[in-house]
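Coordinate-derived values only; no laboratory data. No experiment lies behind these values; they were computed from the predicted model shown. Cβ sites come from the backbone with ideal geometry, for glycine too, and all protein chains shown count toward neighbours.
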Amino acid sequence: MEKISYGPLIEHLQIKGDYYNQRYREYELRHGTIDSALIAMWIVQVIEPIVSATASKEEDVGKVFNPMYDALLSLLGNQLAITFESEYRYAWLMLKKNPNLVRHSCTEIMAALNSALTTVRKYQPTKTMMWIDMVSKSLPQCLTLDDFLKCGRISAWSVGLAQLRKRSLEDLQSLSFSLKEVVNNRGPFLQQIATKQWLSHTPAFVGKVGGFVGNGGTFHCPPKVSAIDSEIVASDNEDASVLFADGFGSILVQGTPFLAKDAAQLATTKVLNDFRSRYGKSIVPFDDITSAVLTHNTLVISRESSFFLYIYGWQN
Amino acid sequence: MSELFDKAKGFFQKVPQAPTNPHSEPSKVKFDVHDLYGSDEQKADQGTVAYDEKLRQAYFWITNTAIISPYYDIEYDDGDGKQFVFGDSKVKLTLPNGQSYSSFVLIPLLNLVVRGKCLIVGGPGRGKTATAVLLGLLAGYSKTDVLRAIQHGQPQMTISDLLGHPLPADMVKAEKTSDIRIAWRKWLSMRVKIIDEYNRIPTRTQSALLTVLADNYAEIFDQIYECPPSSWYLTANDDAGGGTYQIIEALKDRIDIVIRAFHFNTRFIEDLQKRIELNFKPESMIPEEIIFSEEELDTVSKQIREIEIPSALRKRIEFFCRNFEFFEPASDRIEYMTKDTAKLSGVDFHTLFSQDNGKDHVKDLGSQTINGISVRKIQTLLIFSKALAYFRGNRAVELEDIRQIMPFVLHDSFTQHLESPFFDQPGNEKYRVDRIIWIRKLFDLSCEEYLSQNLDHDDPVEKFEAEFKKGLENISLRDIEKRLLEIEKQLYTWSQDKKLYGFRADDILKLKYLYQRYTNYRRWLQWKK
């Protein structure tokens with residue numbers, strides 16, 4: 001078995017070892033057998049480096065080790081730390097960069113970090129590492145837990161979680177100077193997308209979302225789209241989803257309070273004529289459009305022959 | 001003469017060096033935070049202290065030297081053991097190939113290491129108290145201490161006799177009861193507690209004993225004495241109510257395990273003669289190698305808890321236990337269809353039982369008892385099964401361990417329903433008399449039913465449980481609804497069965513529980529929106 005070598009951590013485990021063994025047994029009761037070699041490996045390779053970077057006294061070690069140990073048992077129990085090992089390892093190890101914050105708010109940070117990873121993975125599975133990288137760069141500048149949460153949200157929006165756009169724009173305003181600098185240094189598009197939503201000056205096809213449920217998509221049958229309470233709602237007659245889209249990405253959020261049947265009934269193609277009269281017919285050349293929603297800078301259409309929603313965006 | 005005595009003493013104190021049950025040691029897999037630091041060599045050194053071997057050495061010293069008990073009733077058979085049949089009544093005798101044990105010695109020894117409460121029942125002069133005293137000595141106490149600590153039940157026994165006296169000077173000076181100091185009896189602080197003839201203790205004193213036995217503390221004049229965790233040995237000449245006092249139900253219920261003292265086999269009178277001639281007293285000659293220190297007993301207790309009960313075996317125990325509490329005539333709601341409901345109502349059990357029409361009462365194991373199995377008994381069954389597996393040098397419990405230990409655990413807690421048609425079947429009359437073989441038969445029948453239902457490979461509840469155990473985090477509303485539908489489908493399938501048996505009732509209630517958990521989660525998801 002791999003061994004730890006950091007003195008204060010050994011001292012802490014000597015004192016609280018029985019408590020941690022008990023916690024392990026409790027998690028085993030809940031989740032079934034948890035591989036002891038994996039726990040040891042995670043403690044030695046991930047938790048110990050974080051503890052040694054953040055806590056120099058035995059009293060402080062507990063504040064960091066305890067929440068990390070609990071989170072580890074939970075993630076190993078539900079297999080997430082096995083399936084997505086590299087993501088969690090990379091994300092946890094970045095915490096070494098801000099010892100002060102981790103020492104004072106380790107429980108909250110662990111909960112927020114693991115929850116955020118699940119959310120980012122759910123909506124943008126290919127961009128999880130990118131999100132961790134962004135948070136990692138801004139972490140040293142975070143003075144408070146609130147700063148950390150804001151950075152996490154802005155980063156999530158930047159990797160395509162468009163539902164966070166509104167909240168992230170508020171967060172951007174309230175960031176400290178040093179954090180703003182880190183965020184703005186990410187590239188030239190952030191400010192542009194923040195203010196204009198899209199990069200293109202004229203209406204252009206920006207992407208499609210949805211797809212057939214059997215292929216891992218969202219819809220059971222070709223969807224229709226409608227505007228309800230200033231939201232763009234897609235419905236396949238079974239479920240209703242809300243579409244969020246901007247220059248960073250487009251996603252459908254399921255489990256909304258809208259009723260699928262109502263949304264389908266409100267679907268219409270009337271707004272398409274407005275769009276075509278303003279920008280011409282060639283941009284949206286399809287002749288099987290079943291519904292459309294038009295806002296001041298976005299057009300979303302659905303088609304009879306497709307399980308996807310087609311999105312067009314432009315700077316207004 | 002003294003030389004001869006020394007030789008004899010050396011013979012009786014000898015503990016053979018050969019391992020008592022040789023086997024290969026499987027690797028340990030449980031996580032222990034303490035393994036994360038310190039060297040592996042140090043750990044390996046600690047691991048080599050084989051307390052299970054020491055336990056077996058103690059057992060064999062007692063059976064071969066101290067107590068003449070040539071009864072190997074806990075049988076382990078490796079394969080085709082030879083069988084013989086005697087007499088017209090076809091009495092079977094099996095010569096088991098595996099190492100078998102005498103319950104009269106083994107179970108009190110296991111009780112010592114699991115810190116249980118063991119009742120030894122039997123006629124006078126069968127060695128009940130002698131066994132308890134030997135185990136006190138094995139726990140490291142001196143003979144004087146053990147003998148002094150034995151509480152002899154007698155009709156005049158008061159609470160003060162049992163627990164201690166208030167100091168006379170304090171009785172005069174004290175202004176409030178909390179000022180009165182108590183001279184607690186020494187036995188309360190000991191890790192082995194022996195109550196001899198506990199059925200001769202008056203009822204009021206039994207209640208005081210119950211507090212110590214059940215809650216591990218004693219109370220007099222608002223003063224509390226907290227006892228250390230300990231092993232209890234209670235003896236009774238006749239546990240069926242023939243003592244001077246009736247044993248209170250609660251005290252009876254706290255007894256973990258019951259063993260019967262065997263009669264003396266007259267083929268061993270020669271051994272008795274030798275003992276008289278050599279003035280041999282086993283309690284004076286316990287070899288030091290088999291005496292356990294307090295730390296060693298703690299370690300053994302910890303190691304026993306780490307013994308694994310494979311899920312396939314646990315499922316057999318679950319299946320067995322869920323046969324007994326269900327009682328359909330008790331209510332029209334499935335939650336209240338229990339023997340407890342019937343018992344609390346005061347209505348005659350047999351009257352209610354006669355209303356339970358249509359079921360095959362010979363097949364229905366629940367018809368053979370008028371009560372179910374308590375949580376305490378299930379816990380005792382699990383820990384003693386682990387202890388037996390540990391004693392045999394295994395790291396996991398085997399089915400035979402459960403089968404062998406179960407009758408001793410349930411001996412006193414199962415009340416037979418003697419009017420069950422099962423006992424009227426040809427050849428089953430003996431089960432009315434001998435509870436040990438009856439309980440073992442019950443378990444065998446339960447295992448047969450378990451196998452006939454193919455529950456090892458096709459247990460629908462297990463699938464639902466496994467899914468639920470993965471947790472509800474990030475499960476979508478659609479998935480929850482799918483799971484709810486699956487539960488409904490399963491309940492519908494079961495609802496097509498014509499008869500409802502105990503094992504099915506618990507399954508149904510488990511699915512109802514899961515359904516409720518999912519419904520609550522669904523409600524939360526909808527609220528979150």
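Relative to the longest principal Cα axis of chain B, at what angle does helix B:269-278 sit, 0 to 90 degrees, rounded to 10?
40 degrees
Would you please give the FRET efficiency between A:D287 and A:Q22, computed as 1/(1 + (r/R0)^6) with r the Cβ-Cβ distance and R0 = 60 Å, to the nearest 0.05?
0.35
Work out the charge dipole of segment B:311-452 with +1 on the Cβ of Lys and Arg and -1 on the Cβ of Asp and Glu about the Cα centre, then indicate which of B:F353, B:F324, B:N394 is farthest towards its positive end.
My answer, from the dipole projection, is B:N394.
Using only the Cα atoms of segment B:386-470, build the gyration tensor, take square roots of its eigenvalues as a ≥ b ≥ c, and label the shape rounded, prolate or oblate: rounded if a/c is under 1.5, else prolate if a/b is larger than b/c, else oblate.
Because a/c hits 1.5 or more and a/b fails to exceed b/c, segment B:386-470 counts as oblate.
Place a point 7 Å from the Cα of A:T118 along the Cα-to-Cβ direction; which residues of segment A:86-111 have their backbone N under 18 Å from it?
A:86-89, A:91-92, A:107-111
With point charges of +1 on the Cβ of Lys and Arg and -1 on the Cβ of Asp and Glu, referenced to the Cα centre of the protein assembly as shown, which listed residue (B:C227, B:T203, A:S155) lies farthest in the positive direction of the dipole?
Looking along the dipole axis, the top candidate is A:S155.
Please get the size of the charge dipole for chain A, origin at its Cα centre, with Cβ charges of +1 on Lys and Arg and -1 on Asp and Glu, quoted in debye to the nearest 20.
820 debye
Sequence neighbours fewer than 8 away in the same chain don't count; with that in mind, list the lysines whose C-alpha is under 27 Å from A:K281.
Of all the lysines, those that pass the test against A:K281 - Cα under 27 Å, at least 8 places apart if same chain - are A:K196, A:K208, A:K224, A:K270.
Using the Cα centre of the protein assembly as shown as the reference point, and only Cβ charges (+1 on K/R, -1 on D/E), how large is the resulting charge dipole? Debye, rounded to the nearest 20.
1780 debye
Cross-link list A:K57/A:K150; B:K30/B:K463; A:K96/B:K30; B:K143/B:K386; B:K363/B:K499: which exceed 18 angstrom alpha carbon to alpha carbon? Mind dumping the intermediate values first?
Numbers: A:K57/A:K150 30 Å; B:K30/B:K463 25 Å; A:K96/B:K30 30 Å; B:K143/B:K386 30 Å; B:K363/B:K499 12 Å.
Over 18 Å Cα-Cα: A:K57/A:K150; B:K30/B:K463; A:K96/B:K30; B:K143/B:K386.
For segment B:409-475, run through the trypsin sites (Lys or Arg not before Pro) and keep only the ones in DSSP coil with at most 16 other Cβ atoms within 10 Å of their Cβ. Kindly include the intermediate steps, with their values, before the conclusion.
Details: sites: B:K430, B:R432, B:R435, B:R440, B:K441, B:K463, B:K469, B:K470; in loops: B:K470.
Answer by residue number: B:K470.
Which residue, chosen from A:V225, B:I107, A:G7, occupies the Cα position most advanced towards the positive end of the dipole of the protein assembly as shown, where the dipole is computed from +1 (Lys, Arg) and -1 (Asp, Glu) charges on Cβ about the Cα centre?
With unit charges placed on the Cβ atoms, the residue in question is A:V225.
Can you give the extra length, in nm with one decimal, that the chain gains between B:H165 and B:L509 once fully stretched, where that is 0.36 nm per residue apart less the Cα-Cα distance?
Details: separation 344, 0.36 × 344 = 123.84 nm, distance 5.13 nm.
Net length gain for the segment: 118.7 nm.
Given a Förster distance of 51 Å, report the FRET efficiency between B:T203 and A:Q191 from their Cβ-Cβ distance, rounded to the nearest 0.05. Let's see the in-between values first.
Details: r = 86 Å, r/R0 = 1.69.
Calculated value: 0.05.
Please compute, for peptide A:9-16, the average count of beta-carbon atoms on other protein chains lying within 10 Å of each residue's beta-carbon.
Details: counts 2, 3, 1, 1, 5, 4, 0, 1.
Average per residue, whole number: 2.
Report the FRET efficiency, 1/(1 + (r/R0)^6), for B:R432 and B:D179, where r is their Cβ-Cβ distance and R0 is 60 Å, rounded to 0.05.
For R0 = 60 Å, the calculated efficiency reads 0.55.
For the pair B:D145 and B:D340, how long in nm is the line joining their label points, each one 7 Å along Cα→Cβ?
4.1 nm
Trypsin sites (Lys or Arg not before Pro) within segment B:328-428: which are DSSP loop residues with at most 11 other Cβ atoms inside 10 Å?
On the way: sites: B:R333, B:K339, B:K343, B:K359, B:K363, B:R376, B:K377, B:K386, B:R392, B:R395, B:R403; in loops: B:R333, B:K359, B:K363, B:R392, B:R395.
Listed in order of number, the matching sites are B:R333.
Compute the distance in nm between two label points, each set 7 Å from the Cα along the Cα-to-Cβ direction, one at B:A396 and one at A:A111.
Here the answer is 3.9 nm between the modelled labels.
Non-local amide H neighbours of A:I232 (under 5 Å, H modeled in plane, Pro and chain starts lacking H): which ones?
Here the answer is A:L243, since their amide H atoms fall under 5 Å of that of A:I232.
Within segment B:84-181, list the trypsin sites (Lys or Arg not before Pro) lying in a DSSP loop whose Cβ has at most 16 other Cβ atoms in a 10 Å radius.
Numbers: sites: B:K90, B:K92, B:R115, B:K117, B:R126, B:K128, B:K143, B:R148, B:K173, B:K176, B:R181; in loops: B:K90, B:R115, B:R126, B:K176, B:R181.
Sites meeting the loop and neighbour criteria: B:K90, B:K176, B:R181.
In peptide B:463-473, how many Cβ atoms from other protein chains are near each Cβ within 10 Å, on average?
Across the residues of B:463-473, the mean count of other-chain Cβ atoms within 10 Å is 2.
Could you size up the charge dipole of segment B:460-528 around its Cα centre, putting +1 on the beta carbon of Lys and Arg and -1 on that of Asp and Glu, and report it in debye to the nearest 20?
Charge dipole of segment B:460-528: 160 debye, to the nearest 20.
Can you list the aspartates and glutamates whose alpha carbon sits under 16 Å from that of B:K252, skipping same-chain ones fewer than 8 residues off?
Partners within reach: B:D196, B:E197, B:D215, B:D238, B:D239, B:D412.
Looking at chain A, identify the longest residue range that excludes and avoids all trypsin sites (Lys or Arg not before Pro) in DSSP loops having at most 16 other Cβ atoms within 10 Å.
A:58-185
So between B:F264 and B:R305, what do we pick up on full extension, going 0.36 nm a residue minus the alpha carbon distance?
That pair, B:F264 and B:R305, stretches by 11.2 nm at full extension.
Return the single residue from A:P125, A:P203, A:P223 with maximal mean-square fluctuation; model: Gaussian network over chain A, springs between Cα atoms under 10 Å.
In this elastic network of chain A, the residue with the biggest mean-square fluctuation among A:P125, A:P203, A:P223 is A:P125.
Alpha carbon centre of segment A:1-79 versus segment B:200-229: separation in Å?
Going from one Cα centre to the other spans 41 Å.
Please give, to one decimal in nm, the separation of the simple spin-label points placed at B:N454 and A:R89, each 7 Å out from Cα toward the Cβ.
About 4.3 nm, to one decimal.
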